[in-house]
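The values are calculated or read from the model by the stated rules, or taken from the named source; none is laboratory data. Since this is a predicted model, take the numbers as computed values, not measurements. So basically every Cβ, Gly included, is an ideal-geometry build from the backbone, and we count neighbours across all protein chains shown.
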Amino acid sequence: MKATVFLGGGRITGALAAGLRLAGDKRAIVVYDRHPEKLRALRRESRVEVARDLKSAVERADMLIVAVRPLSVQQMLGEVAACGARAPRLCVSLAAGIPLRNLRAWLGPGAHWVRAMPSPVCRIGRGLTPFCFARSVTKTERARVRQFFEQVGPVLELPERQLDVITATHSPTHGYHAVATLAKAARVAGLDRKTALIAAAHALNDGIAYWQGSGMSLDDLLHEAATPGGIAAATMAAMDRSGYARAVSQGLKAGIARAKKNAKA
């Protein structure tokens, strides 16, 4: 029986498999990985099937998802090409920064490539997945990829030139980092650890939920918060003077540069 096959059993495979099962997807999921402990955990959590070897995994695939680290993609695709089984036509890469032209060159002709960058939040069905298609991907295949990732959250099709930027931007680590930094500052200012985390999480999570649910624009909310002489206005102004916008910009530039470095590896 054909299946969705993941090459690599790391965190993003685990998040996607869990999100798919949460959504009620009962299709066969096969995972190939050289680390037995990863496979045991995936089998327990998401009822995946474990491929005994690379050839058997590729033979089962009607959609092949490459979920190894960017620096391992070339080697993995070389092994797929040499394993003795023909790769399916529809292949999806989750490797940050590796362009479509490299994927085509490393696996050889015949594969229709998609690049996708699902957020780990797909584990709970709310992960944004940006993706781009090679020109060879058919209309039917595009619809299939959209439907697959829509089960675990919203999807967003972009031109490939924008994929590195959104990869650096949509990562939930921005939220984790902001909560941790804000909570640490609150502790220094006098709150205990638990209270500081509650306050910081509310500021980000519940504040953003209000923005999304209120129908108000972000500009309107910022203007509303910046009451002259108010605490929020003083806080935002001091953060801006300290280089908050520059720090965020530099962070994004570093993430994009890392993705571009992956492409040249």
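Taking the options SER72, SER136, name whichever one is of a type in the set (Ser, Thr, Tyr) and in contact with a His (Cβ under 6 Å, 6 or more places away or on another chain).
Going through SER72, SER136 in turn, just one is of a type in the set (Ser, Thr, Tyr) and in contact with a His (Cβ under 6 Å, 6 or more places away or on another chain): SER136.
Please give the number of the condition ASN102 fails out of (1) touching a residue at least 60 places away in the same chain (Cβ under 8 Å); (2) crowded, with 19+ Cβ neighbours inside 10 Å; (3) over 26 Å from LYS253 (Cα atoms).
For ASN102, the exception is condition (3).
Yes or no: TRP113 more than 28 Å from PRO172 (Cβ to Cβ), at pLDDT 95 or above and surrounded by 14 or more Cβ atoms within 10 Å (Cβ to Cβ)?
The answer is no for TRP113.
What pairs come up if the first residue lies in region 196-214 and is in the same structural domain as THR181 (by TED's automatic domain parsing), the second is at pLDDT below 95 and part of a helix (DSSP H, G or I), and their beta carbons are under 6 Å apart, counting only those six or more places apart or on different chains?
From residues that are in the same structural domain as THR181 (by TED's automatic domain parsing), the pairs are TRP211/LEU221.
Counting only residues that are outside any helix (DSSP H, G or I) and either in contact with a Gly (Cβ under 8 Å, 6 or more places away or on another chain) or surrounded by 20 or more Cβ atoms within 10 Å (Cβ to Cβ) (or both), how many does region 70-85 have?
0
Being among the hydroxyl-bearing types (Ser, Thr, Tyr) and out of contact with any Leu (no Cβ under 7 Å at 6 or more places or on another chain) is true for just one of SER93, SER119, SER72. Which residue is that?
Just a single option satisfies the conditions, and that option is SER72.
If you take the residues in region 139-180 that are small (Gly, Ala, Ser) and out of contact with any strand residue (DSSP E or B) (no Cβ under 9 Å at 6 or more places or on another chain), which one is surrounded by the most Cβ atoms within 10 Å (Cβ to Cβ)?
Among them, the one singled out is ALA168.
Kindly establish whether ARG43 is under 18 Å from ILE12 (Cα atoms), surrounded by fewer than 19 Cβ atoms within 10 Å (Cβ to Cβ) and either of a type in the set (Lys, Arg) or free of Cβ contacts under 8 Å to residues at least 24 places away in the same chain (or both).
For ARG43, the condition - under 18 Å from ILE12 (Cα atoms), surrounded by fewer than 19 Cβ atoms within 10 Å (Cβ to Cβ) and either of a type in the set (Lys, Arg) or free of Cβ contacts under 8 Å to residues at least 24 places away in the same chain (or both) - is met.
Of the residues ASP53, ASP33, which single one is assigned by TED's automatic domain parsing to the domain that holds ILE12, within 20 Å of ALA96 (Cβ to Cβ) and either surrounded by fewer than 23 Cβ atoms within 10 Å (Cβ to Cβ) or in contact with a Lys or Arg (Cβ under 7 Å, 6 or more places away or on another chain) (or both)?
None of the other options fit; the residue is ASP33.
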